[in-house]
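A short worksheet on the structure shown next.
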Amino acid sequence: MAFNSPNHIVQQVVDAGAKKAKMPVRNTLILGFLGGAFIALGFLLDIRVIGNLPEEWGSFSSLLGGAVFPIGLMLIVIAGGELLTGNMLALPMAILAKRATLGQLGRNWLLILVSNFAGAIFVAYFFGHVVGLTETGPFLTKTIAIAQAKIDDTFIKAFVSAIGCNWLVCLAIWMAYGAEDIGGKILAIWFPIMGFVAIGFQHVVANMFVIPAAIFAGSLSWTDYFSNLVPVFIGNAIGGGVFVGLMYWMVYKESLRSIQSQVEERMKSAV
């Protein structure tokens, strides 16, 4: 399978970030809704797979759940969608390359935060609550247990866990940019996402599904949810923007500038 080297991935991520920064509001909101719904569907599949497994299986259940969860990011990357945690990589890199502004980053993150939340809540309410997929028998027990574990973390634990989460998520996206065919993108996404889910790291968009699902079941409150949102959002932003975006920018920025100057020279010669 053909793939791109990291110095070419930097160019692709910067280009993507610049494009996202200028995306029309309508398109941003629609794709953000889909992104939130796709991640929620991946989490719903996880719960339906592991909900009634024997306790004796221990952490193997987490591995099985993690193995099916990546369908959410696969749908976003291949079918199309916008994900807040992925944009925490692309927009900062576009800013570092002077292809986007802080104002555009703030606008994009706010729109995607709202639309991801809408998509995740849609799945949590209609599929989880109305259909009952997270509110019957062992699946209700599993949903509440996962959500409770998320909100039981202290601010600092949730914050640090969120850094680890988006470090892996953005590496999955980074490697997906490196793959040139669908099979390669699926493999690039699968293993890092499986890893973050099996470990139990905190993901701001995934939490938009599982905690509200427990709220709709009458087990938690919206105060619980919003107290979790803040540290996880900040941690995810650092995990993607610093541990992936900034670090790779520091290593490959000269290569990026060289590629950009070559493109500019070709454009000038063509004129």
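The values are calculated or read from the model by the stated rules, or taken from the named source; none is laboratory data. The structure displayed is predicted, hence computed values, not measured ones. Backbone-built Cβ (ideal geometry, glycine too); neighbour counts: all protein chains shown. Note: areas computed on protein heavy atoms with side chains; ligands, DNA, RNA excluded. Shrake-Rupley method; radii C 1.70, N 1.55, O 1.52, S 1.80 Å.
What lysines sit close enough to Lys157 to cross-link, taking a C-alpha to C-alpha distance under 29 Å and skipping anything fewer than 8 places away on the same chain?
Lys157 reaches Lys142.
Quickly estimate the mean residue ellipticity at 222 nm for the chain, helices only: each DSSP H run with n ≥ 4 gives -39500 (n - 2.57), and the total goes over all residues, rounded to 500.
Result for the chain, helices only: -25000 deg cm²/dmol.
What whole-number value in Å² describes the accessible area per residue of the stretch 33-180 for a 1.4 Å probe?
42
State the label only: which of (1) 1.17; (2) 1.23; (3) 1.02 corresponds to Cα Rg over 2.2 N^0.38 Å computed from the shown model?
(3)
What net charge do the residues around Asn7 carry, taking every other residue with its C-beta under 15 Å from that of Asn7, with Lys and Arg at +1 and Asp and Glu at -1?
Combined, the nearby Lys, Arg, Asp and Glu give 0.
For the stretch 107-188, what class follows from the C-alpha gyration tensor (a ≥ b ≥ c being the square roots of its eigenvalues): rounded when a/c is under 1.5, otherwise prolate if a/b is larger than b/c, else oblate? Intermediate values should be presented prior to the final figure.
On the way: a/c = 1.72, a/b = 1.42, b/c = 1.21.
Because a/c hits 1.5 or more and a/b exceeds b/c, the stretch 107-188 counts as prolate.
If you roll a 1.4 Å probe over the chain with all protein chains in place, what percent of the accessible area is carbon or sulfur?
The value for the chain is 69 percent carbon and sulfur by accessible area.
Could you sort Tyr225, Tyr252 by accessible area so the largest value comes first, with the probe set to 1.4 Å?
The ranking, largest first, comes out as Tyr252, Tyr225.
Going by amide H atoms built from the backbone, whose H comes under 5 Å of the H on Ala179, apart from near neighbours?
Excluding prolines and chain starts, which carry no amide H, the hits are Asn4.
Indicate the helices, whole DSSP H runs only, in the chain that combine a mean Kyte-Doolittle hydropathy of -1.0 or more with a Cα extent along their long axis of 20 angstrom or more.
Working: long enough: 6-21 (22 Å, -0.28); 25-50 (38 Å, 1.65); 102-122 (30 Å, 1.12); 137-152 (23 Å, 0.46); 155-178 (34 Å, 1.55); 182-199 (26 Å, 1.89); 222-240 (26 Å, 0.61); 247-270 (35 Å, -0.70).
Those that pass (Cα extent of 20 Å or more, hydropathy at least -1.0) are 6-21, 25-50, 102-122, 137-152, 155-178, 182-199, 222-240, 247-270.
Looking at the square roots a ≥ b ≥ c of the eigenvalues of the Cα gyration tensor of the stretch 1-53, which shape do they give, rounded for a/c under 1.5, prolate if a/b is larger than b/c, or oblate?
Oblate is the answer for the stretch 1-53, as a/c is 1.5 or above yet b/c matches or exceeds a/b.
Just order 140-151, 178-189 by mean Cβ neighbour count inside 10 Å, highest at the front, would you?
Ranking, from highest mean packing down: 140-151, 178-189.
Ignoring ligands, DNA and RNA, how do Met74, Met250 rank by accessible area with a 1.4 Å probe, largest first?
Descending accessible area places them as Met250, Met74.
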